[in-house]
Structure formats: structure tokens, C-alpha cells
Amino acid sequence: MKVPPLITGAALLFWGNETNALFIATILALFIEGSHLVKTRYTLKRSDFINISDLTSLAFMASVALILLNYEPIGFLRITTSWLPLTLSPLIICQLYSTSDKIVIGTRLGKQQNNESLKPLDFRPYYLTVCLFAAATGNSRSLWFYPVLSVLLIWLLFQNRGRSYSLLSFFLLIGISLGLGYGSILGIEETQRIIIKKTHGFWRNYYRTKNSDPFKSHIHFGETGRLKTSDEIIMRVEAPSTPPHLFKEASYSLFTNKSWIGQNNDFTLLPAVTETTWDLIVPPHKPGTAISVEYDLPKEKGLLPYPKGGYRLKSNTIFNIEKNSDGIVKVIDGTPVISYDLFYHPEMQLTTDLPGPRNLEIPESEKYALQEVINQLGVSTLADHQKIDAITHFFQKNFSYSLHLVGKESYATPLGNFLLHKKSGFCEYYATATTLLLRLYGIPSRYAVGYAVTEKSWLEKKYVVRKRHAHAWSEAFIAGHWQVVDTTPSNWVEEDQELSSFFTKPMDIFYFIRHQYRLYQVGSGVDNTLIYSIVIIVLTFILFFRIYRRMKIEQASSAKERINFRSFDKIVSPFTPIMDAIMQSKEHQRDNESFVEWILRLDIFPNLNSCEFEELYRLHLQMRYDPRGLDDHQLTQLRQGSEKYLTIIEHAPSIHSSQASKR
Amino acid sequence: MSKHLYKLYKHTQRCKEWVASRFTNMGRLFLFILGIAFLFGINVQRTMIYQILSIASVLLIISFVCSYRFRIKVKIERNLPKTCIAGRELRYNVQIENLGKKTHSAIYYREQSSKILPSFLEYSSFTEDGEEQRNLFDRKMGYYRWLSLIHINNTFQCIDQELPDLAAGKKIESTISLLPLKRGTIHLEGSTLSLVDPFGLCKRQVLCQSPANVLVLPKLYSVPKLYFPGSRKYHQGGITAAQNHGDSSEFISLREYTHGDPIKYIDWKATARVGKPIVKQHKDEYFSRYGLILDSYVARSYSQIFEEAVSVAASIMMNQDNSEAVLDLFFVGRKCITCSVGRGLTDQQRMLEILASVTTSQNRKFKEMTALVKHHSSLLSGVVLILIDLDEDRKELVDYLIAHKIPCKLIIMVDSNGKFTGKTDTLNVDFSFTEININRMEEDITLL
């Protein structure tokens, strides 16, 4: 595959123009195309190429880290790709300025791995491809993009065209291809437009039919039950005394088709009193109690759990909140872990939080079972609070707690089965049944969900709320106030706890550490991006320097220098005196006898380690005849070994006698 | 090994071969571009990669369609030698006659091997060199094993070589080069002629069947001549084996002429005296006889160390003066084999051909070799022992040779780690030997 000269430079300029990095692109292009003018070349060994690959990998990883730190994660891939021509430039530069026309790309990442299997490759076509892709990620929407891209590709194809065809055929086919290419671009753009339109319509319809809102305007039976299988801690509460038992997240008014649906979805932005304070209930406030809450909000938005009577919220990790007329608070911009101080007084209530006709609606399908229960209770003539007590007593006495889902079986609805037959279920069944029973008595009621705060952590010394503490209860509107009616058997917390994992305690430690780390990430409020960026750059330079020190890049000598080197340079090895001394021996080396065998035959050295001696001889030969010579370690080894054997030779009688006889 | 994985690798290999046969290097780069552009260019609003996708796909499609235009009718004759040497380029002439009515230019020639992909049995029973050092995932997936098997089955390397213009009805001659990669036999299925499309992305190949075989002799290294202090011994070689050397002119006695005796040995004076033909009887031949023992006991069907050991054996054999001594080669393939070379016996070329076909002895024990050498030891003046490991069994042979004062040159082939059983185990190695590392053969072999 031939890569025509100047095309890489042109592709780089194209990239620079598309990504507004023309200055860097010009410098790179000059560097790369300058290789045609500059005659200096460097001798790079296989290991040097691997080191340069390491440097490039390091630069790539550092750039990825910097991009992740400084840009939105969503654009990370696009930005990384758009800077690839710069991050990969060491590879192409080292190929162009080396004596080799190919490079070995591999990485050791600090280990001495065997890279023998890696095949050398010409990196130029790949670099050219990278430049084109990087230019495309610039997304300039320029009308010149396609023509310039076409010119570069024609340039490349022209050099590699099939020679059996005429130039006319080549250009004719190119013309057809460009036309078709442009047509397909228009086709792709149109197809994308149609797909987006259709997709939007599909999702809109999907959400409409499913009535599924990301902020849970409805709830299905079993949803809270599912949360109960997990021991994960999601909320921590710190209070001067015992905190309120229930933290409400949302309430629902309409029960239909096994689902509870919210009454008011009219959320409006709640203006902040100060930068970090919101009044959930308009003043005047009764003097209340303050509690501190830390709550996981992984999506950085969601419903805010807080106790009944909560009127003021203080937090520097929440930036924007919305509220509806039922008092449900929704965080629309916050950190992944929010910490807030909440002031509450149990008697305070939002003035707009009043019941509507929906708070009395009962599905026809459920009436038969509810009426049966009403008949059993027989308290229709009593006051409202007595009715509530009767209902509570009824459930506590006749029902038990279990986490099993109740199906409808032979009854018309699961609720009917629960009330008339099974008499066992979890909080959602009790809350639903209570809400509907109250409505049958004419008491406006609603279904509320949230968390029960019951457990004090042995580790954190705070009240912790796990996922399994998710709870549902009923709220009845009596005497102008919403009152909590929790009919779930009181042992539900213990029952749930029995199902908890054996590893709960070790996992608590993990959750604690994770929570502290998250708090550290968001808590300080200090932007550490610059510090981290500097740390990354410094570390990268240190590693760069360490890898660079391993490399021994030498400038390749010119042909003239090489001739001089070959003709006149003489290398004297530390081993030479040993050879000279042995040459004076009486016993001459025989034909076909290796040097080491000769030494063994002469028996000059007592207890000669033939392997060691052979290694020295090999190093001697390498020093004299191998163009690469010896490294420092090998030279030291040769010098030390030679000195040892020279000392023995000086006292060897056989050689001395031969020398004496010569004299 | 999973059969599903085997099928996956087999289909992938076929796919790779198809891509290699239909696309040029540039074409493969465009395929790569197409793949990447398809992955990341779907969203036309975020990037302009879809424009690259669009033009690259159009160019590839047009190129692919154009490549189907190639039709050619030729007659090809190769002047192949019978043997060649592994690692040394083989050049030979090819005569190509264009039987069609159209002149073709820029046609590329390539030798096609009769490749058969490894069967599941081969794949599952094969063990790659150093497989035990791979991690669990690699061992379970067996992909490196597959690659190694493909690499081993690849007997030669041949690149596309451009031919001169093929005029209609004319015959041309061109020199083709081929690089044999390993010893054994190269099976050539035929010749492939290919034509590249106008964009240089795709190619169309036409296979001209002409099966042929070439025997690849083992790779040879430059080895110094080995010297043995061993003395010459009497051998039943006689005058045939002696040829020019030895003590053949040493007179012993006179005897009656028997049919077949050379006339020049008739002692005419004695004949006249006795009255019947009498010939001079000379002392029989004395010459040196060396043993070259090749260790072929490997648990695997293919071993790089064994291949290099064969090359060392071949190199040593080729460097001995065969007019002065006889060299007996001992090895065990499917059975114990002894071959002699030198002094008029089998020539070196024939021995190289034998070495080209030597296989490993997977299910046999080294004791057989020990027995074979013991049986011949009385005849041997010296022994070159090429081992691929040093364990108890092998040490027994070395100890036997030392005990019987048979001069022995012991060579142990080692891999890149320089390890063998004798080094790692508690084997008492009290004799000298030469290690040859297969990664620096050229250097180590000069120190023999």
C-alpha cells in the first residue's frame, strides 16, 4: 500500500481546519512532511518502538483523564477522537524519522513482556485514517467537508490504482462514485430525520399508554415489595432525639387497575429564600425540630423524602427543587448524594394540600371485598377516628405480615383475595385496603409511600434507612388535617430484618466507605478539576521521563561515516589479554577445535567453569563483531570475568614456561 | 475444547482467507474504515463520520463489482526443483502462455498452497508451545492454540508478484520466488493469477490447477567442524567403504584368486610359481565412525525446539567431511532408525531428505533410544548427542557414554526461558554440555 507524499500533511491540515486546531495541525504537518526534506534519521530498535508505543499510550490515557475531568462525560468519546492525531503523532514521527520504514506497535506497560510476536507495520495509512475520522468528529457541518474528503481519497486511490485500467476509466468511475456517495449522504441524512421523528412519536406514545413518568406519578403493586429485598443503605438521618417514624416521598389518590396514580402532577419551581434555603410551607412557622438527612440521589434528581410537617429545607447540595400542591418535593438539580437540614413540626401542613373528589373514588372491581370487610367491622355509625381505630385493630388482629405477592386466584382482584382469603401481605396491600376502606366510610384518604426510619446504625451512630425500609401507608383527612393511618402489622420491620443477608454488617462498612467517598466528592464544594489536571500532567511527565530514559536512540550515521567506522576502528576487549596469553602456549589450537575446547585441553584454569568462560568468550566476540556492542551490564560482566581469569593466567606455570622457553 | 469454538475459529479463518483473496491491503483498510464509520457514524447530527461511511461504501461496492470483469485462460508450467532449504528463498522459472485473445497487463502471480484447515481432532489434541504458561481464559478459549496450528500448517510464504504483459497467444517466462518456512513437504495446489480493480481496493483471482510438491530440507546453520579424540576402529566397510583412505595397501597374505577379485591384485610372480592365480590379500579397513543422536521425544506433535534440534543435526552432518569418517544418525520416529553417511555410503543430500521427514515420537520412551545406542556403542568413535531436554532417562544415556569412555559432545536445546527439566529438578548433572537457545541459534551454534 503506497501512501503518497504530502497527503498526511494535507489530512492534518484538514483535521485542523475542521476542529479549529489549525495551529497544532500546521506544526504537526510541518514535522511530518519535513521528513522528506530532513535527511537525519535515527536508529530505533524494536524495544525503542515499544517504548514509544508506551509513551503514546501514556499520552492517550492522560488525555482521556483530562478530557473526563474537564468536559461532560457524554462528549468524551468524540473529544478524545478529535485529538487522536495529536496523541498518536509520536508513532508516526518516530516511523518517519527512523531508519526503518515500519514500526512495531505494542505496549509493555512497565513489564518485560515478550513482544516478538508483534509484526512491524507501516503506520502511515492508519494515521491518515485517524486524521480523517478526527476531522469528521469536529462536526463543522461545512459544505467543504465532502469535497476535501473526496480529494484526499482520490489522491490515495490514484497511487494504488489497478494499472491494467486506463486513467479515463479510473476518473470516470471516481466521478460516478462521488456522485453516488453524495446521493447516499443525502439519503442517510433524510433517513436519520425520519427515524428520529418516528422514534420520538413511539416513545411519546409508549409513555402515554404506560403512564410511566420518570418521577413516579403512579405506583404498581409490588414496587415497594421489590425494594425490600435489598439491604443497601440509601438514607442517613441524624436527629437530636428520636426522628419521625415515616418519611414521605409521594402520595397517590387514584387507584385503578392495580396501580396508584398521583393526583397533582403540577410541579412548579420553588423559589429559594436564600441561596441554600427553601420554605416548603409558607411562613409563619411554628418552632420545630431540625434533623439532618443524607440521601443518595444517583440520577442527581428525584423525589425528596421528608417527615410530615416539614416546612424548611437547607442544603448546599441541592440547587433546584419543584413542589406540587400536595406537598411532594422533587429535586431537579442536585449532587449524587444530597445532604439537607430539615425543620419540621408535626402540626404544620400546606394550606393547598386539601382533598379532592379523587380521594373518595373507589374502583367498582374492589367494592365487593371492601363491603364485605365493612360488614364485618360494623362501625359505620361511629366517629371517624373510631372507625380508623377499628380498621387498625381489624388488621392487627386478623392479618399477618408476609412479603409474598398475592395473586387474585379465584377472586376478582388481588386485593379481594388479600382481604377475604389470604389475610397476609406486605405494606402495599394494607395501605391500599385501608385507603379504600376509609373512602367507603366517606373519609377522604390517599396512599402514601416513603421510608420508615427505625434502625440506628452500630457503625455510623445515625439512623439509617435501607432499601428494605421502603414503606407504604394511608393518610386520612380528618378535621382539616391529613393523618397517618399505618395498619401494617407492627412487626413488619422485624420480619423484613429476618430476611436480610448474612453479609449485612460487612456490607454496611462498604456502604459507609462509599458514602464517605461520595460525600468527599460532593461535600467540599471546591472545584478540584484544575488540581487534578495538574497532577495528571505532572505524573504523565514523570512517566514520560522514566520511559524516555530507557530508550537509547542514536542518530544513524551517514554512508561515509559507516565506511570510516568499518575500516579503521579497532575494539580492544578486556578479554584480549587472556587470548594473547593463551596464544603463547606450547599447545596450539587444533583444526576444528573451538577456543573453549582448546582451553579445556590446556587445563590452565583449575576447576574451570566452562559455561562461565564460554559466556565471557561470547561477550568478547559480541563486543568485537556485533555492531550494537555491549550494554553497561555486559561490559562490567566481561571486565570482571576477564580480570579474574587474567589473575589465574599470571600464575599459570604452563604459559610461563612456554614464554620462558621462547625467551 | 469446545466444538463451537472450533467452528467459530474455522469460519473466522475462512472469512479471513476470503477477505485476503478478494481485497487488497488498501481494500482491507477501507473495510476497516467502513466498520469503524458504521459503528460511530450512525448519529449524523453529532459527527460527520457518516460522510466517510457513505463514500467508503460506494467506492468498495463499485470496486467489488468492477473486479468481476477479469477472465483469463492460460497454461502454466513451473520449473520447480525437487528440494529447497527452509528459510532460504526458492527462485524458479514459470512459463505462462496466454491462450486467450486479449492481452493482459498488471497481472499478479502467486502460488496457492493446498490448505486444509485443521480438523477438530487435530485442534483438540494439539498443544501449543508454552500453552501451560497462558492464563486460564486463553487456555479455555484455545484461540492461541488455533493460531499456532494455522501458523504451523503454513509451510511457505509467497507474495503477489507482478508478471510482464501477457500478449494474446504468446508465452512469457518469469522468475518467481517463494520462501519455505519449515522443513517438510510443500504441497502446491496451483497458481493464482489476480487482477486489481481500477481503485486498487478489490482483486479477482483465477486459480490455475497444477499440483506439485517440493521437499523442504531442514534449515542449516554455520557450524564448526567437531573434533573427537576417539580412535579409529575396525569396521566391516571393506574396500567399498574405504575408497581412498585407510591402510588398504598393507599386505597380510596371499590367497587363491576367487571370482570378482580385481586383476590388479594378482601376484604374478606367485601365480607363476604355483601355477594358478594367486592374489595379494590386504589388511581390511579402519576408519572413524561417529554417532549423531537426535532426541525426538516430545509430548507434542510439533515443537519449535525439536525443529531447531533437527536443524542443528542437519548442520552438523553437512559440516563433517564425509570422506574421512562415517556418521551414523540415530533417531526414533515411528520406530528406531539408524542411517549412515560418508565414505561411499548414503550421501548427505539423502540424509537431509530423511531429516526433512523426521517426526516427533509422542508416545514412546527415551529408553528405546538408549537401547539403540548401547547396541551400536562398540562401533562408535564418538557421539554428538542433541537433546531437547535433560531428565533421568536422558541422563542415563549420557552416563552410559561417559562410563564407556565414548567421547561425547552433548548439546541441549533450550527455549527462550533457558529452562529444561534437569535445571529445575534435583538432577545431579556432573558433565559438561552446550546449551543452544532457540532464540539465538546463530550465536550459540558458533560456540559448539
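Among the residues of segment A:237-275, those identified as among the hydrophobic types (A, V, I, L, M, F, W, C), surrounded by 15 or more Cβ atoms within 10 Å (Cβ to Cβ) and assigned to a strand (DSSP E or B) are A:VAL237, A:LEU246, A:PHE247, A:ALA250, A:LEU254, A:PHE255, A:TRP260, A:ILE261. List every residue pair whose Cβ atoms sit under 6 Å apart, with the two residues 6 or more apart in sequence or on different chains, where the first one lies in segment A:628-649 and is farther than 14 Å from A:ARG618 by Cβ and modelled with pLDDT under 85 and the second, anywhere, is outside any loop (DSSP other than H, G, I, E, B) and of a type outside the set (Val, Ile, Thr). These pairs meet every condition: A:LEU646/A:PRO577; A:ILE649/A:ALA581. Pairs linking a residue in segment B:148-165 that is touching a residue at least 60 places away in the same chain (Cβ under 8 Å) to a residue that is part of a helix (DSSP H, G or I), with Cβ atoms under 7 Å and 6 or more positions apart or on different chains, are B:ILE150/B:GLN13.
Residues are listed down the side, and each one gets a yes or a no for (1) within 14 Å of chain B (Cβ to nearest Cβ); (2) surrounded by fewer than 20 Cβ atoms within 10 Å (Cβ to Cβ); (3) within 31 Å of the chain's Cα centre (by Cα):
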site	(1), (2), (3)
A:ILE7	yes, no, no
A:LEU12	no, no, yes
A:THR26	no, yes, no
A:LYS39	no, yes, no
A:TYR42	no, yes, no
A:THR56	no, yes, yes
A:ALA62	no, yes, yes
A:LEU69	no, yes, yes
A:LEU84	yes, yes, yes
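Would you call A:TYR411 within 16 Å of A:ARG446 (Cα to Cα) and either small (Gly, Ala, Ser) or touching a residue at least 24 places away in the same chain (Cβ under 8 Å) (or both)? Criteria not met by A:TYR411.
Those helices (runs of 4 or more DSSP H) of segment A:520-594 in which at least 1 residues are at pLDDT 75 or above and out of contact with any His (no Cβ under 9 Å at 6 or more places or on another chain), considering only elements entirely within it, cover A:529-550, A:576-583.
Check B:LYS7, B:LYS75 and return the single one that is more than 14 Å from chain A (Cβ to nearest Cβ) and either closer than 21 Å to A:GLY179 by Cβ or not in a helix (DSSP H, G or I) (or both).
B:LYS75
The listed residues are A:PHE418, A:PHE394, A:PHE426, and the only one of them that is in contact with a Lys or Arg (Cβ under 9 Å, 6 or more places away or on another chain) and hydrophobic (A, V, I, L, M, F, W, C) turns out to be A:PHE426.
Return the residue satisfying two criteria in turn: it lies in segment B:346-370 and is aliphatic (A, V, I, L, M) and closer than 15 Å to B:LYS219 by Cα, and of such residues it is modelled with the lowest pLDDT. Lay out the reasoning, then the answer.
Initially, segment B:346-370 is screened for residues aliphatic (A, V, I, L, M), giving B:351-352, B:354-356, B:358, B:369.
Going one step further and asking which of them are closer than 15 Å to B:LYS219 by Cα, we end up with B:351-352, B:354-356, B:358.
Numbers: B:MET351: 80, B:LEU352: 83, B:ILE354: 84, B:LEU355: 84, B:ALA356: 86, B:VAL358: 83.
Within segment B:346-370, the match that is modelled with the lowest pLDDT is B:MET351.
Out of B:LEU448, B:LEU410, B:LEU385, one residue alone is at pLDDT 80 or above, within 14 Å of chain A (Cβ to nearest Cβ) and within 19 Å of B:PRO224 (Cα to Cα). It is B:LEU410. Yes or no: B:LEU90 closer than 27 Å to B:LEU179 by Cβ and touching a Cys at 6+ places or on another chain (Cβ under 8 Å)? For B:LEU90, the condition - closer than 27 Å to B:LEU179 by Cβ and touching a Cys at 6+ places or on another chain (Cβ under 8 Å) - is met. Tell me whether segment B:259-274 contains one or more residues that are touching a His at 6+ places or on another chain (Cβ under 9 Å) and modelled with pLDDT of 70 or more. Yes - at least one qualifying residue is present in segment B:259-274. Note on segment B:55-72: among residues that are within 7 Å of chain A (Cβ to nearest Cβ) and β-branched (Val, Ile, Thr), the one that is surrounded by the most Cβ atoms within 10 Å (Cβ to Cβ) is B:ILE55. Tallying residues that are farther than 22 Å from A:TYR447 by Cβ and of a type in the set (Lys, Arg) within segment A:467-522 yields 3. Looking across segment A:148-166, just one residue is under 15 Å from A:ILE176 (Cβ atoms) and of a type in the set (Phe, Trp, Tyr), and that is A:TYR165. How many residues, within segment B:15-54, are facing chain A (nearest Cβ under 8 Å) and in a helix (DSSP H, G or I)? Count: 14. Of the residues that make up segment A:313-325, is at least one touching a strand residue (DSSP E or B) at 6+ places or on another chain (Cβ under 8 Å), under 30 Å from A:ILE443 (Cα atoms) and either free of Cβ contacts under 8 Å to residues at least 40 places away in the same chain or among the aromatic types (Phe, Trp, Tyr) (or both)? No, that holds for no residue. The residue pairs whose first member lies in segment A:157-173 and is without any contact (Cβ under 8 Å) to a residue 12 or more places away in the chain and facing chain B (nearest Cβ under 8 Å), whose second member is surrounded by fewer than 13 Cβ atoms within 10 Å (Cβ to Cβ) and assigned to a loop (DSSP other than H, G, I, E, B), and whose beta carbons are closer than 6 Å, counting only pairs six or more residues apart or on different chains, do not exist in this structure.
The values are calculated or read from the model by the stated rules, or taken from the named source; none is laboratory data. Only a predicted model underlies this, so the values are computations on that prediction, with no experimental measurement involved. Note: ideal-geometry Cβ built from the backbone for every residue, glycine included; neighbour counts use all protein chains shown.
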